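S.K.: Below you'll find the structure I mean.
The values are calculated or read from the model by the stated rules, or taken from the named source; none is laboratory data. This is a predicted model, so every value here is computed, not measured. Cβ placement follows ideal geometry from the backbone for every residue including glycine, while neighbour counts extend to all protein chains displayed.
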Amino acid sequence: MKKLVRAALAAAFAGSLAPAAVVPATAIATLATATLVTAAQAQPAAAPDAFVRQISTEVIDSVKADKAIQGGDVSKILALVDAKVMPNVNFEVVTRSAVGPKWREASPEQRQKLQAEFKTLLVRVYSGALTQIRDQTVEITRSQPVANSSQVIVQSEVRGKGEPIKLDYRLDKFSDAWKIIDVNVGGIWLVQSYRSQFAQVLGGAGGIDALITRLVDQNKTAGGTKS
């Protein structure tokens, strides 16, 4: 499973933002579900596990009920991801974590561009995967606080055809609302995985600007392809 997830993430950053062509549908649907199941308007009073359980059911059911999304309607897919997923991701934290120490060297303008392009990258990855969701359900297996922090890790399993796939969600509270800051799919933390890929670009002479250019180019390529 780890190899499949790494292949999907590497393909996305390398420019092949059609994940279903890279790895089996089950793994890609899981990659999408990993972020989708924590997406919706945050409920401050809800426990993290209850939050994940409620939202996972709502979002997956909405995908199953929409034939246009299953059929690959790009506009509807992008609208769903933008409306349901992205408002509930703390993109400053996610992008800062993915960029690593170089984030401190970035200007406010560079940080803004990095966040915008990284968001576009993730939207494309998840959008391409949504059409693969069919009969998956999510079961919460455990919730535990992270020592010396306000973070909580909610563990779950995506169940459908085949062996269940384990997912861990790292959540943190911002202004009394839970936000997703990373997801572990099959043993791989996604933000950490992107951090490793980004480091290869950041280690070159171009630094932050080179990473921005790379992301812009890949997003333009993805935007120009037909789903």
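S.K.: Counting only residues that are more than 21 Å from residue 52 (Cα to Cα) and touching a residue at least 60 places away in the same chain (Cβ under 8 Å), how many does the range 85-106 have?
M.R.: Total meeting the criteria: 7.
S.K.: Considering only residues that are basic (Lys, Arg) and touching a Ser or Thr at 6+ places or on another chain (Cβ under 9 Å), look in the range 156-176 and name the one that is nearest to residue 188 (Cα to Cα). Steps first, answer last, please.
M.R.: In the first step, residues of the range 156-176 are kept if they are basic (Lys, Arg); the result is 159, 161, 166, 170, 173.
Narrowing the set further to residues that are touching a Ser or Thr at 6+ places or on another chain (Cβ under 9 Å) leaves 159, 161, 166, 173.
Values: 159: 18, 161: 21, 166: 10, 173: 22 Å.
In this case the residue turns out to be 166.
S.K.: Which of the residues that make up the range 107-130 are modelled with pLDDT of 95 or more and touching a Pro at 6+ places or on another chain (Cβ under 8 Å)?
M.R.: Hits for the range 107-130: nothing passes.
S.K.: Additional query: Of everything in the range 169-209, what is in a loop (DSSP other than H, G, I, E, B) and hydrophobic (A, V, I, L, M, F, W, C)? Give them in sequence order.
M.R.: Once the filter is applied, which keeps residues that are in a loop (DSSP other than H, G, I, E, B) and hydrophobic (A, V, I, L, M, F, W, C), the range 169-209 yields only 205.
S.K.: With 166, 161 as the choices, which residue is surrounded by 14 or more Cβ atoms within 10 Å (Cβ to Cβ) and not in a helix (DSSP H, G or I)?
M.R.: Checking each option against the conditions leaves just 166.
S.K.: Please go through the range 172-227 and give me each residue that is closer than 27 Å to residue 46 by Cα and among the hydroxyl-bearing types (Ser, Thr, Tyr), ordered by number.
M.R.: Of everything in the range 172-227, just one residue is closer than 27 Å to residue 46 by Cα and among the hydroxyl-bearing types (Ser, Thr, Tyr), namely 175.
S.K.: If you don't mind, another one. Among the listed residues 149, 193, which satisfies the condition of being surrounded by fewer than 14 Cβ atoms within 10 Å (Cβ to Cβ), of a type in the set (Gly, Ala, Ser) and at pLDDT 85 or above?
M.R.: Sole residue among the options that is surrounded by fewer than 14 Cβ atoms within 10 Å (Cβ to Cβ), of a type in the set (Gly, Ala, Ser) and at pLDDT 85 or above: 149.
S.K.: Select from the range 175-213 the residues that are among the charged types (D, E, K, R) and farther than 18 Å from residue 97 by Cβ and list them in ascending order. Spell out the reasoning first.
M.R.: Let us first name the residues in the range 175-213 that are among the charged types (D, E, K, R), namely 176, 179, 182, 195, 209.
Scanning the range 175-213 gives 176, 209.
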